[in-house]
Structure formats: C-alpha cells, structure tokens
Amino acid sequence: MITKGLVVKLTAKDGMQQELADFLAGALPLANDEAGTPIWLALRTDDTTFWIVDAFPGDAERDAHLGGPIAAALMGNADKLLATGPEIMTADVLGAKPA
C-alpha cells in the first residue's frame, strides 16, 4: 500500500533548462533500482519549472529515498542547475490507483 509521498519543485537556472531535463530523465534508472520507490515521476510544467513526484509504502522508504543516490546527485548539482534550492514537500497519499 502506498501511504507517503514527496513533491519536489525545481526551478532551472537560466540557460540550464535542457541540462536539468536531461538530468531528471537520466535519474530514471536510479529510481528503478529503489525497491522502496514504486512510483517516481519527473515532470515539467513550463520552461523553467520541473517537479519530482514519488510515492512510498511508508516513512522508512521515503527517508531511504531522501538519503539515496538521486537526492545526493541533485544536491551535488543544485548550484549548477537550479535558480533556487529545491522545494521539498512531504505528503500523505490519500488515494492511489495501482499500476
């Protein structure tokens, strides 16, 4: 059962939009390797605004994801790619359609 989530807003630095898009698309294999992350989406809503939306069975899996390779890579590239720091919001999942 999916009970916890993350919604992360990312704003690309001017001129870094495509690099951020490529970075997020390239993170998919890392997300696929995380058994505790059954739902992971990288989204773009306009030229500079990107989102990561993911969901987990519980707090332990969400915490493991936050301490994992995707978060580490994002934070390691934040100064280069992002206009501002990532806006990380935790969420409780109220409903989820099984895949």
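Residues that are over 13 Å from P69 (Cβ atoms), under 13 Å from the mean Cα position of the chain (by Cα) and among the small types (G, A, S) within the range 8-53 comprise A21, A25, A42, listed in sequence order.
When T90 is tested against (1) touching a helix residue (DSSP H, G or I) at 6+ places or on another chain (Cβ under 9 Å); (2) within 19 Å of Q17 (Cα to Cα); (3) touching a residue at least 24 places away in the same chain (Cβ under 8 Å); (4) open to solvent by 50 Å² or more (accessible area, probe 1.4 Å), just one condition goes unmet, and that condition is (2).
Restricting the first member to the range 50-62 and to residues that are in contact (Cβ under 8 Å) with a residue 12 or more places away in the chain and open to solvent by 40 Å² or more (accessible area, probe 1.4 Å), and the second to residues that are among the charged types (D, E, K, R) and not in a helix (DSSP H, G or I), the beta-carbon pairs closer than 7 Å and six or more apart or on different chains are W51/K9; D59/K4.
Scanning the range 76-87 for residues that are part of a helix (DSSP H, G or I), open to solvent by less than 70 Å² (accessible area, probe 1.4 Å) and closer than 13 Å to L10 by Cβ returns N77, A78, L81.
The values are calculated or read from the model by the stated rules, or taken from the named source; none is laboratory data. Keep in mind that this is a model prediction, so the values were computed, not measured. All Cβ positions, glycine included, derive from the backbone under ideal geometry; neighbour counts span all protein chains shown. Side chains are part of the model used for accessible areas, which takes the heavy atoms of the whole protein and leaves out ligands, DNA and RNA. Shrake-Rupley method; radii C 1.70, N 1.55, O 1.52, S 1.80 Å.
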